[in-house]
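Undergrad: Submitted below is the structure of interest, expressed as structure tokens.
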């Protein structure tokens, strides 16, 4: 029996590209903002583009905060992408201070706009950049990717986990070496956009679904 993969639609996600990536890798996914659909899913994808505070308000509007937390606690696979990664954290400093889903302890911080080595820094980072192995990728959705692979990033803020044990990959920008993907039990999430990262990015979707 095929698994019910749900892409959460809370009006701030890059739903089309994520959905197309799923189709490309043979994943029969559906998009939904319905609480019941989220609760009954076998696997969830939490995408996101936009501001952290707005996203949390939207999740609250659709009554999805507790269902996502309960889903994560159930042990079923949860895949966060870009803002979807940041929302998993305890809080964000974006445009003030906002509480997140608190599934991963840590804070979301903004890139500096200048650095000692580079002078003025363009923020947001909109670029292909390398991901470096922090802990083994062998049993993660990053398996079969080479260390130093390039992925596509679009973001002004980055996550700072309280513990390094959850950091799967790191990336450097603006003299900051930051967490670009995490793995914590059934939770996997990336700051970069796998669906916009050509064939190597699409491998991540394939690896993730094969582990379900």
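Undergrad: Show me the helices (runs of 4 or more DSSP H) found entirely inside segment 26-132 where at least 1 residues are closer than 15 Å to residue 182 by Cα and within 18 Å of the chain's Cα centre (by Cα). Give the steps one after another, and end with the answer.
TA: Numbers: elements: 35-40, 52-61, 65-73, 83-87.
Per the criteria, 65-73, 83-87.
Undergrad: Residue by residue through segment 81-100, note down the ones that are crowded, with 24+ Cβ neighbours inside 10 Å and in contact with a helix residue (DSSP H, G or I) (Cβ under 7 Å, 6 or more places away or on another chain).
TA: Hits for segment 81-100 are 81, 83, 86, 87, 92.
Undergrad: Of all residues in segment 62-81, how many are more than 24 Å from residue 207 (Cα to Cα) and free of Cβ contacts under 8 Å to residues at least 24 places away in the same chain?
TA: Total meeting the criteria: 1.
Undergrad: Can you tell me which residues in segment 150-174 are touching a helix residue (DSSP H, G or I) at 6+ places or on another chain (Cβ under 7 Å) and either crowded, with 19+ Cβ neighbours inside 10 Å or part of a helix (DSSP H, G or I) (or both)?
TA: If the condition is that a residue be touching a helix residue (DSSP H, G or I) at 6+ places or on another chain (Cβ under 7 Å) and either crowded, with 19+ Cβ neighbours inside 10 Å or part of a helix (DSSP H, G or I) (or both), then 151, 157, 159 are the ones that fit.
Undergrad: Which condition from (1) crowded, with 16+ Cβ neighbours inside 10 Å; (2) in contact (Cβ under 8 Å) with a residue 40 or more places away in the chain; (3) out of contact with any helix residue (DSSP H, G or I) (no Cβ under 7 Å at 6 or more places or on another chain) is the one that residue 42 breaks?
TA: Just one mismatch for residue 42, condition (1).
Rule-based calculations on the coordinates, nothing more; no lab input. Values in this document were obtained by computation on a predicted structure and should not be read as measured data. Cβ: placed from backbone, ideal geometry, glycine included. Neighbour counts: every protein chain shown.
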